[in-house]
Amino acid sequence: MTYFNIININIKTKIFKIKFFYKEFKKNSKKVISMKNKLLLVIALLAIVSCKQEKKVDEETKEELADNDPVTVETAIGPLELVAPFTSESVTKQSKVIGWDEGKTPVAPDGFKVTKFAEELKHPRWTYIAPNNDIFVAEADTKNSADQITLLRDTNNDGKVDERHVFVEGLNQNFGMLVLNGFFYVANTDGLYRYPYKEGQNKLEGEGEKIVELSASGYNNHWTRNIITNDDGSKIYISVGSASNVGEQGMDTEERRANILEVNPDGSGEIIYGAGIRNPVGMDWNPVTGDLWTAVNERDDIGNDLVPDYVTSVRKEGWYGWPYSYYGQINDPRWEDDPHQDLVDKAIVPDVPVGSHTASLGLEFYTADQFPAKFKNGAFVGQHGSWNRAVFAGYKVIFIPFSNGKPQKPQDFLTGFIADEEAGEVYGRPVCVATAPDGSLLVNDDDSGIIWRVTAE
């Protein structure tokens with residue numbers, strides 16, 4: 001029996017006992033009738049309390065924890081020193097997107113050029129390149145979502161969009177896309193859908209069939225559902241973020257969440273491929289080893305430098321710690337009263353830390369030939385940028401070199417998104433990274449409505 005099942009049973013038991021108590025009182029006393037509203041309120045409140053779990057640490061405990069020494073863990077790219085929880089205050093610092101001045105672009109390394117590929121999009125969150133080289137863009141957001149997919153084509157290969165179609169509308173916070181076996185798959189926040197599809201069509205027709213039900217409960221910050229298929233098209237992988245920061249919504253809301261799911265193309269045969277992964281978004285296959293990799297947003301509210309987001313290989317049936325621990329066996333102090341030590345003890349250390357609160361979302365292994373040889377088989381990561389840190393982190397695209405399928409230390413690739421740190425102003429926020437048919441790199445800047453194109457000069 002899983003911990004999800006145990007929690008569900010306990011909750012149902014408590015609610016049953018409360019309802020029984022009220023029923024007996026009502027049957028045996030007229031006074032109870034006059035107390036009806038009060039008792040119903042108590043029932044509701046107790047049910048809510050039983051489903052939610054307070055995940056706060058008092059100030060005295062925070063001070064004690066902050067006095068602890070740093071912990072060093074061994075990652076795939078070397079040792080990582082992690083400060084103790086609460087060594088710095090958890091702060092909220094939201095960025096203000098001011099947009100790009102005419103002629104201004106993000107900054108790439110020497111030998112690269114950055115131009116606009118497409119603009120005036122409605123939060124272009126994700127890009128998918130179909131087998132026929134059609135470019136599909138998911139336009140969606142946490143609030144005021146466009147809920148549509150736009151089809152882009154560069155028919156004359158000049159590096160700019162010259163054909164644009166609204167491919168499908170009326171979706172529900174859509175994100176991942178996939179063409180497979182005569183179907184166009186759309187991952188909405190509430191489920192995986194598929195539509196009949198013919199290569200080259202400009203618009204989807206008919207109603208989509210929901211083949212996998214997905215939960216959209218919780219605080220809705222992790223609404224994205226990405227999808228990817230394996231080489232032979234026999235399986236689809238679905239990334240599903242948690243319903244909370246660290247389980248404070250109640251672990252009953254987390255069933256089948258904070259996971260990567262594996263299903264057959266018809267939605268059957270579901271298994272949890274990787275678990276305990278707080279918010280996996282970008283997914284891609286290591287071109288040398290064949291392993292599945294993902295970019296993950298880690299937890300908030302325990303300091304500026306905790307917990308580092310990461311990019312990691314995903315072992316089948318592997319457990320990565322959330323919400324009970326991070327970076328292997330480091331216990332989250334908010335679960336001190338119920339540590340789930342058996343799960344902590346088997347948690348896997350992720351491969352590549354990429355900075356705390358960076359919101360690392362996009363992930364693309366570069367297998368094309370336009371860029372210099374050192375970029376071959378390495379991974380680009382789009383970092384949307386921090387909100388839970390005193391000094392901005394992320395707001396850039398980084399590159400992780402790989403040697404013989406093994407990761408090396410990340411390095412900056414596309415920068416210049418921060419306009420004024422002190423004022424909290426940014427020009428835009430990069431998300432998705434995708435390799436265009438010509439080998440250039442497309443970078444979705446969703447808050448400014450632009451897709452940037454990076455080419456080697």
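Among residues that are modelled with pLDDT of 95 or more, in contact with a Cys (Cβ under 7 Å, 6 or more places away or on another chain) and either within 20 Å of T150 (Cα to Cα) or surrounded by fewer than 22 Cβ atoms within 10 Å (Cβ to Cβ) (or both), N404 is not included. Of all the criteria given as (1) at pLDDT 95 or above; (2) surrounded by fewer than 20 Cβ atoms within 10 Å (Cβ to Cβ), the one not satisfied by Q383 is (2). V443 fulfils the conditions (1) surrounded by fewer than 23 Cβ atoms within 10 Å (Cβ to Cβ); (2) at pLDDT 95 or above except for a single criterion, (1). Any chance segment 231-241 includes a residue that's aromatic (F, W, Y) and touching a Lys or Arg at 6+ places or on another chain (Cβ under 6 Å)? The answer is no; no qualifying residue exists.
Every test in (1) at positive phi; (2) within 14 Å of the chain's Cα centre (by Cα) is passed by M283 save one, and that test is (1).
Please state which one of G328, G321, G269 is buried (at least 18 other Cβ atoms within 10 Å of the Cβ), touching a Lys or Arg at 6+ places or on another chain (Cβ under 9 Å) and not in a strand (DSSP E or B).
So the residue among G328, G321, G269 that is buried (at least 18 other Cβ atoms within 10 Å of the Cβ), touching a Lys or Arg at 6+ places or on another chain (Cβ under 9 Å) and not in a strand (DSSP E or B) is G321.
Against the conditions (1) touching a Pro at 6+ places or on another chain (Cβ under 8 Å); (2) surrounded by fewer than 20 Cβ atoms within 10 Å (Cβ to Cβ); (3) touching a residue at least 40 places away in the same chain (Cβ under 8 Å), H340 satisfies every one except (1). Does A393 satisfy the criteria of being closer than 20 Å to R125 by Cα and either in contact (Cβ under 8 Å) with a residue 12 or more places away in the chain or under 16 Å from the mean Cα position of the chain (by Cα) (or both)? Answer is yes for this residue. Note on segment 103-142: among residues that are free of Cβ contacts under 8 Å to residues at least 40 places away in the same chain and surrounded by fewer than 18 Cβ atoms within 10 Å (Cβ to Cβ), the one that is nearest to D438 (Cα to Cα) is D110. Say whether the condition of being more than 23 Å from V240 (Cβ to Cβ), surrounded by fewer than 18 Cβ atoms within 10 Å (Cβ to Cβ) and either touching a Phe, Trp or Tyr at 6+ places or on another chain (Cβ under 9 Å) or in contact (Cβ under 8 Å) with a residue 60 or more places away in the chain (or both) is met by at least one residue in segment 178-188. Looking through segment 178-188, at least one residue is more than 23 Å from V240 (Cβ to Cβ), surrounded by fewer than 18 Cβ atoms within 10 Å (Cβ to Cβ) and either touching a Phe, Trp or Tyr at 6+ places or on another chain (Cβ under 9 Å) or in contact (Cβ under 8 Å) with a residue 60 or more places away in the chain (or both). With respect to the conditions (1) assigned to a loop (DSSP other than H, G, I, E, B); (2) in contact (Cβ under 8 Å) with a residue 24 or more places away in the chain, N156 lacks only one, and its number is (2). Has segment 206-218 got at least one residue that is surrounded by 15 or more Cβ atoms within 10 Å (Cβ to Cβ), assigned by TED's automatic domain parsing to the domain that holds I129 and over 23 Å from Y185 (Cβ atoms)? Yes, there is a match, as at least one residue in segment 206-218 is surrounded by 15 or more Cβ atoms within 10 Å (Cβ to Cβ), assigned by TED's automatic domain parsing to the domain that holds I129 and over 23 Å from Y185 (Cβ atoms). Among residues of segment 254-283 that are in contact (Cβ under 8 Å) with a residue 12 or more places away in the chain, those with a Cβ under 8 angstrom from a residue that is hydroxyl-bearing (S, T, Y) and surrounded by fewer than 17 Cβ atoms within 10 Å (Cβ to Cβ), sequence gap 6+ or separate chain, pair up as E255/S215; R256/S215; R257/S215; N264/S234; P265/S234. Within segment 238-255, if we keep just the residues that are among the charged types (D, E, K, R) and outside any loop (DSSP other than H, G, I, E, B), the residue that is nearest to N188 (Cα to Cα) turns out to be E254.
The values are calculated or read from the model by the stated rules, or taken from the named source; none is laboratory data. Not measured: the values here are computed from a predicted model. Heads up, the Cβs are rebuilt from the backbone with ideal geometry, glycines too, and the neighbour counts pull from every protein chain shown.
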